[in-house]
Amino acid sequence: MRSLPAVQISDFFKKSGISPSQHRGFCVKLLSFPHKIAVPLPVVRLNQNTLVQKVTIDNLQADLTNILKQICESTGWKYAEVWIPDSKLMRPHPAYYMVSEELADFRKESESFTFAAGAGLPGRVWMMQKPEWIENVELEPAIYYRSHLAKQAGLKAGLGVPILASGEVVAVVAFYNDVAIPPNEDVIAEFSDKIKSLICL
């Protein structure tokens, strides 16, 4: 595990939302893909077209946004967001991706949400430290607290995937589709592998 480059670490954590005890060498491996991701799963091999670079203060948000974009474009899912643990709550990270501006209201409203451990999709993934799939978030207001917003945005299937470092969740990435999809272990493994291939801890 390689360490972060010599930068103002306190400023890095302040801007990234990742606490010093959680970073564990957090870095981004994806910066530039000329085409959509097309790698065999579960084995991931980075080719010569992939630029590997550490996270820096200036490019953290842009890189995470690019990762979400690449994964959504390669899988056909419509929206993705990142949640970061902050003390006892999960808070939305500035990085997100949406396939169209029609989802802008969902993003804007989501920015005001926080989730305790075990609450909502991000909170449960954080507490359980494993992926969770909801077939149709519109129909699950008891466990998905933004169901009314998802219905307005036309989002249905939801998948939350944890990013783990040294046994701790340092982030939760949530993906959404505009169709209801039953849980699929192969798809969960695909998303998990894509994330692992693009973010190293």
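The values are calculated or read from the model by the stated rules, or taken from the named source; none is laboratory data. As the structure is a computational prediction, the values presented were derived from the model and not from experiment. Here Cβ is always computed from backbone atoms with ideal geometry, including for glycine, and neighbour counts include all displayed protein chains. Ligands, DNA and RNA are excluded from the accessible area calculation, which covers all protein heavy atoms including side chains. Shrake-Rupley method; radii C 1.70, N 1.55, O 1.52, S 1.80 Å.
Count charges around residue 144 for me, please; just the other residues with Cβ under 15 Å from its Cβ, Lys/Arg as +1, Asp/Glu as -1.
-2
How would you classify region 53-201 from its alpha-carbon gyration tensor, with a ≥ b ≥ c the square roots of the eigenvalues: rounded for a/c under 1.5, else prolate if a/b is greater than b/c, otherwise oblate?
It is rounded, given that a/c, with a ≥ b ≥ c, falls under 1.5.
Across bins of 5 angstrom width beginning at 0, how are the C-alpha pair distances of region 116-201 distributed, in whole percent?
3, 16, 25, 24, 18, 10, 4, 0
For region 82-201, what % of the accessible area comes from carbon and sulfur atoms, probe 1.4 Å?
51 percent
Give me the tail of P(r) for region 81-131 as a percent: Cα-Cα pairs with distance above 16 Å.
40 percent
If Lys and Arg each add +1 and Asp and Glu each add -1, what is the summed charge of the other residues whose beta carbon sits under 15 Å from the beta carbon of residue 126? Don't skip to the answer; put the middle values down first.
On the way: positive: 88, 91, 124, 130; negative: 81, 86, 132, 168.
Summing Lys and Arg as +1 and Asp and Glu as -1 gives 0.
Using the heavy atoms of the protein chains and a 1.4 angstrom probe, tell me the accessible area per residue for region 68-201 in square angstrom. Show your work: numbers first, answer last.
Numbers: 5760 Å² over 134 residues.
Accessible area per residue, region 68-201: 43 Å².
Just the projected area, averaged over all directions, of the convex hull on the alpha carbon atoms of region 146-189: how many nm²?
For region 146-189, averaging the hull's shadow over all directions gives 3.8 nm².
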